[in-house]
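> Have a look at this one.
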């Protein structure tokens, strides 16, 4: 409950700028993540989400994927972290949903048909071959925030509308139907890495997300 009180007392401004320090037992990870552009406050919340998932038996895997939707789509805003080795395994572009905004993400939803991205903690499932190649199913574990992810068929996959070439042409990435979509050329490797029971934490400074992490 102490974290709930801390976050709600100073709910949004300090999260992304590093006011909440990274736990002391991950100094090497903090340095590696900061070097790759992941802000300390976002890392702190992602680690808290991962610890909660381990405590509740949702995962035992040391991998943690972080998406920071406060960054523009043209920026690399997805990181795959190895908590066992305190290292950054990947740092990639990722698209958001059409209903979430153009280059800047503004709106998020758990509602089917919204075409908006969802926030919070997800657990990856099995992979399958779809029309975009390898895809991983995502199960949302935050009630009211992303727990309809399976009903919405939210998955992670690759697509041609996510690339630096698209950014040069449009000034932003293309957009999905609410899925976190990776660059086609790196999707298979990244998805195979995080499949089958690892945590994906999608961040934006929304009060419901902060309350969920602290619960």
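Rule-based calculations on the coordinates, nothing more; no lab input. Since the model is a prediction, treat every value here as computed from it, not as a measurement. Neighbour counts run over all protein chains shown; Cβ positions are idealised from the backbone, glycine included.
> On the first, second and third principal axes, largest extent first, how far apart are the outermost C-alpha atoms of the stretch 68-188 in Å?
37, 36, 29
> Something else about it: Once the Cβ-Cβ distance between residue 89 and residue 129 is put in as r, and R0 is 30 Å, what FRET efficiency do you end up with, to the nearest 0.05? Spell out each step's value before the answer.
Details: r = 23 Å, r/R0 = 0.77.
The pair residue 89/residue 129 has a calculated efficiency of 0.85.
> OK, next. Which FRET efficiency value, to the nearest 0.05, do you get for residue 75 and residue 55 by plugging their Cβ-Cβ distance into 1/(1 + (r/R0)^6) with R0 = 30 Å?
Numbers: r = 32 Å, r/R0 = 1.06.
Taking R0 as 30 Å, the efficiency between residue 75 and residue 55 is 0.40.
> Another question, if that's okay. Sorted by mean Cβ packing within 10 Å, highest first, what order do the peptides 88-100, 105-117, 126-138 take?
Values: 88-100: 21.2, 105-117: 18.7, 126-138: 15.6.
Highest to lowest by the protection proxy: 88-100, 105-117, 126-138.
> Right, another one. Could you give the nm distance between label points at residue 177 and residue 111, where each point is 7 Å from its Cα heading toward the beta carbon?
For residue 177 paired with residue 111, the spin-label model returns 1.8 nm.
> Counting helices only, and only those DSSP H runs with n ≥ 4, report the 222 nm mean residue ellipticity of the chain as the sum of -39,500 (n - 2.57) divided by its residues, in deg cm²/dmol to the nearest 500.
Values: 7 runs with 64 residues, N = 215.
Per the formula, -8500 deg cm²/dmol.
> Here's a follow-up. Which part of the stretch 140-182 falls in the paramagnetic zone of residue 189, meaning amide N under 11 Å from the point 7 Å along Cα-to-beta-carbon?
Those under the cut-off are none; the list is empty.
> Pop a pseudo-label 7 angstrom from the Cα along the beta-carbon direction at both residue 161 and residue 98 and give the gap in nm to one decimal.
Roughly 0.7 nm, to one decimal.
> Quick one: if the Förster radius is 22 Å, what FRET efficiency do residue 150 and residue 208 give, using the C-beta to C-beta distance and rounding to 0.05?
Efficiency computed from Cβ-Cβ geometry: 0.70.
> Turning to a different aspect of this structure: Go through (1) 24, 18, 18; (2) 29, 19, 16; (3) 37, 19, 16 and flag the label whose value is the computed semi-axes √(5λ) of the Cα gyration tensor in Å for this structure.
Here semi-axes √(5λ) of the Cα gyration tensor in Å agrees with entry (1).
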